[in-house]
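The values are calculated or read from the model by the stated rules, or taken from the named source; none is laboratory data. Computed from a predicted model, the values in this text were never measured in an experiment. Positions of Cβ are backbone-derived with ideal geometry, glycine not excepted, and every protein chain shown enters the neighbour counts.
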Amino acid sequence: MQQKTATETPRTFALLHFASFLALSTLIAAIAIPAWFGQGEVTLERAAILLARDLRAVQNHAVISGRDIELSFLPEGDGYRAIDELGQDVVLYSDGIPLARRYNTDGVFQGVHVHSVSLEQRGPLKYDLNGFALNGGQIILSLEEERVIVTISSESGWVSIDGLSKPWRDGER
């Protein structure tokens, strides 16, 4: 039988501590992450901020591509998608996936709905090739009884969100 030397014992001890730390961290994350995203205000806030960022990305893509891009809202308030002037889905990012958010199939935003879309003029929310919002207005997102209002300014396309724990304004980001 081989005898352990004095240098092998500390390594084994450190490896055991590291494995215990990883197991404990995994357990805490498995409990904490669903609990965090299970909070309605967190889910609704994240959905509203993501919508605002997607609006900005659509606006930027309209300028870069030199085409009109619109945000089309899905039936029953299930989300939205970006489409070009030919009605085709728009790919905004290098991942090659068209911009489309479906709240009921996304586990993080389960229960979030586009409650209403009130635009200043009849027609879709569209950005022209100069990046101007051709039709501003408000989009109200809801989660059960909670509401968040995303406002898009006509012309400039600036976005603000009211109803968050901390007000969100486009110029402040």
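Things to note:
- Checked against the criteria, LEU24 counts as at pLDDT 85 or above and not in a loop (DSSP other than H, G, I, E, B).
Rundown of residues vs (1) closer than 11 Å to ARG101 by Cβ; (2) of a type in the set (Lys, Arg), yes/no style:
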| site | (1), (2) |
| --- | --- |
| ARG46 | no, yes |
| LEU55 | no, no |
| GLN59 | no, no |
| PRO75 | no, no |
| ARG81 | yes, yes |
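- Hey, GLY163 free of Cβ contacts under 8 Å to residues at least 60 places away in the same chain, assigned by TED's automatic domain parsing to the domain that holds ALA47 and not polar (S, T, N, Q) or not: no
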